[in-house]
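Worksheet for the structure shown next.
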Amino acid sequence: MAHFDGDLESAATLADELREAIAAETVGGGLRVTMSFGVGASRRGESFDYDAVFRRADRALYEAKSYSTDRACNNRPSAVVSS
């Protein structure tokens, strides 16, 4: 997921809302699907650096996955958006 019109907090909120919406639905024979998200953003005052932002998001995704499933984490150290 890419969110280009906001800061880290708004991107994290969007990821969490998407995570909750997906978890609320069922597929197939009533199966529930969960998702984990890693959220990254440019730091305030720095120009957008694709590699740096996606590296932060990738680290956050691995952090989210390390907790379990159905999580969103952002690129702040140990910042869990949801559980």
For this session: Could you tell me which of the residues Arg55, Arg43 is closer than 10 Å to Asn75 by Cβ, outside any helix (DSSP H, G or I) and charged (D, E, K, R)?
Result: Arg43
Seminar exercise, completed: Counted residues in segment 1-31 being modelled with pLDDT of 90 or more and surrounded by 12 or more Cβ atoms within 10 Å (Cβ to Cβ) come to 10
Problem set entry | Residues of segment 1-38 satisfying the condition of being in contact with a Ser or Thr (Cβ under 9 Å, 6 or more places away or on another chain) and of a type in the set (A, V, I, L, M) | Leu8, Ala12, Ala15, Ile22, Ala23, Val33, Met35
Exercise. Is it the case that Arg59 is more than 15 Å from His3 (Cα to Cα), surrounded by fewer than 14 Cβ atoms within 10 Å (Cβ to Cβ) and either in contact with a His (Cβ under 6 Å, 6 or more places away or on another chain) or not hydrophobic (A, V, I, L, M, F, W, C) (or both)?
Worked result: no
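The values are calculated or read from the model by the stated rules, or taken from the named source; none is laboratory data. Treat the numbers as computed from the prediction; the structure is a model and nothing was measured. With ideal geometry, Cβ positions are generated from the backbone for all residues, glycine too; neighbour counts draw on all protein chains shown.
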